[in-house]
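Take a look at the structure set out below.
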Amino acid sequence: MPPFTLAADDHAFANGHAYDRVATAEEARASIAHRTAVVTDTDVETLLAVWRQFDEGASVGPNVKLGMGARLINLGAPEQAVLEGDCVVRGCLRLEPQARLRIGAFVYVGDGVIISAQDRIEIGDATLLAHGVMVFDNNSHPINPHAREIQFRRMVGVKDRHTPIVVDAAPVSIGRRCWLGMHAMVMRGVSIGDDTIVAAGSVV
């Protein structure tokens, strides 16, 4: 039996590896094969699709690595989403049309993380977002119950476009070298200073 070895991007709680930028099926297959003995066509297609989302929808710095579960939904311009170099992203990043998101260098975004920006979210260098962390600079739904119903009706295909929908939002700032524990939630308007630890399961 060969000795047990760890890849540089291996993590006890992570769902698979994180991969450098790939642009072709051959690059994707080689990158996956470097870490695992079995490479499927589905894995190749998934990795290509993940990197295509980020390359087309964001400004991505050097040495960024993406997990197979990483997602970017940017309804604005690519320059509104900035990932500085040397970060790892495994979670989902969503930007509404006017939103801005900056993820600093050496940031870790774990599995199941959701970052939802309607206004502005900034995450400082060397900050760690553990698995399941949620960062929302918005309420995601209107406070007004009638507007909330209309919003959901639109989501499922009802054509009413006349009622204005207001979702409250306020910028979120997370400092440098912070650690947000598993399933912590950071809500709109919150500022977290440098070097802060947010306990697992906390609501801030």
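The values are calculated or read from the model by the stated rules, or taken from the named source; none is laboratory data. As the structure is a computational prediction, the values presented were derived from the model and not from experiment. Don't worry about glycine lacking a Cβ; one is built from the backbone with ideal geometry, like all the others, and counts go over all protein chains shown. We work out accessible area using only protein heavy atoms, side chains counted, and drop any ligands, DNA or RNA first. Shrake-Rupley method; radii C 1.70, N 1.55, O 1.52, S 1.80 Å.
Some points to look at:
- Scan of the stretch 101-111 for residues that are in contact (Cβ under 8 Å) with a residue 24 or more places away in the chain and open to solvent by 10 Å² or more (accessible area, probe 1.4 Å), ordered by number: Ala105, Asp111
- Scanning the stretch 46-69 turns up at least one residue that is out of contact with any Cys (no Cβ under 9 Å at 6 or more places or on another chain), under 23 Å from Ala14 (Cβ atoms) and among the basic types (Lys, Arg).
- In the stretch 145-204, of all residues being among the basic types (Lys, Arg) and in contact with a Lys or Arg (Cβ under 8 Å, 6 or more places away or on another chain), the one that is least open to solvent (accessible area, probe 1.4 Å) corresponds to Arg154.
- Residues that are within 12 Å of the chain's Cα centre (by Cα) and hydroxyl-bearing (Ser, Thr, Tyr), drawn from the stretch 115-136: Ser116
- Looking only at the stretch 1-53, residues that are of a type in the set (Ser, Thr, Tyr), modelled with pLDDT of 85 or more and in a loop (DSSP other than H, G, I, E, B) come to 2 in all.
- Sole residue being among the charged types (D, E, K, R) and without any contact (Cβ under 8 Å) to a residue 24 or more places away in the chain, chosen from Arg161, Arg188: Arg161
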